[in-house]
1. Please list 3J(HN,Hα) in residue order for the range 97-110, calculated via the Karplus relation 6.51 cos²θ - 1.76 cosθ + 1.60 where θ = phi - 60°; whole Hz, with x for glycine and proline.
2. Measuring from centroid to centroid over Cα atoms, what is the spacing of the range 94-122 and the range 32-89 in Å?
3. Work out from phi, with θ = phi - 60° and the Karplus expression 6.51 cos²θ - 1.76 cosθ + 1.60, the ³J(HN,Hα) of each residue of the range 28-42, listed in order in whole Hz, and give x for Gly and Pro.
4. Under 5 Å between amide hydrogens, which residues at least 5 positions from THR89 or on another chain qualify, with H placed 1.01 Å from N in the peptide plane?
5. What is the gain in length, in nm to one decimal, between ALA73 and ARG17 on full extension, counting 0.36 nm per residue of separation less the C-alpha to C-alpha distance?
6. When all protein chains stay in place, what accessible area (Å², nearest 10, 1.4 Å probe) is found for ARG70?
7. For the range 1-117, what does the relative contact order come out to in percent, with C-alpha contacts under 8 Å and a separation of six or more?
8. In what sequence, largest accessible area first, do THR105, THR26 appear using a 1.4 Å probe?
Amino acid sequence: QLVESGGGLVQAGGSLRLSCVVSGRTFNYYRLGWFRQAPGKEREYVASITWSDNNALYGDSVKGRFTISRDNAKNTAYLQMNTLKPEDTAVYYCAAKRIGGTYYTAASYDAWGQGTQVTVSS
């Protein structure tokens, strides 16, 4: 089970930190990902991290602004979002997949959270 939190309304240039608490399975051999989906658009890859060795990968649109991390002791993954832009407005989802294969397509992930809304005003 994946449960996101931390979304909200923020002005452009501001910051938010999203959290994803994981439970129900052993995630040592998993990659945790963040995706986002704006109205009328496809689900977009944001970032992901391997639970075991902290290998982080980012989508081009967020490189240098977002940072993904995880705290194994708290079973929680985080997405620190800085310098937010109105185009970052979307529902953000946490997802999990076993390590290996494609990491940037939503179809590769087999567990999803319910999503948390992020709105960036101009």
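1. Those phi angles translate into 8, 6, 4, x, x, 5, 10, 10, 10, 4, 5, 6, 9, 10 Hz.
2. Measuring centre to centre over Cα atoms gives 8 Å.
3. Using θ = phi - 60°, the values come out as 4, 10, 10, 10, 9, x, 10, 10, 9, 9, 8, x, x, 10, 6 Hz.
4. HN-HN under 5 Å from THR89: VAL120.
5. On the way: separation 56, 0.36 × 56 = 20.16 nm, distance 1.83 nm.
That works out to 18.3 nm of additional length.
6. 60 Å²
7. Values: 266 pairs, mean separation 39.9, N = 117.
Over the range 1-117, the number comes to 34 percent.
8. Working: THR105 50, THR26 100 Å².
Heavy-atom accessible area, descending, gives THR26, THR105.
The values are calculated or read from the model by the stated rules, or taken from the named source; none is laboratory data. Small disclaimer: the values here were computed from a predicted structure and weren't measured. Only protein heavy atoms, including side chains, enter the accessible area calculation; ligands, DNA and RNA are left aside. Shrake-Rupley method; radii C 1.70, N 1.55, O 1.52, S 1.80 Å.
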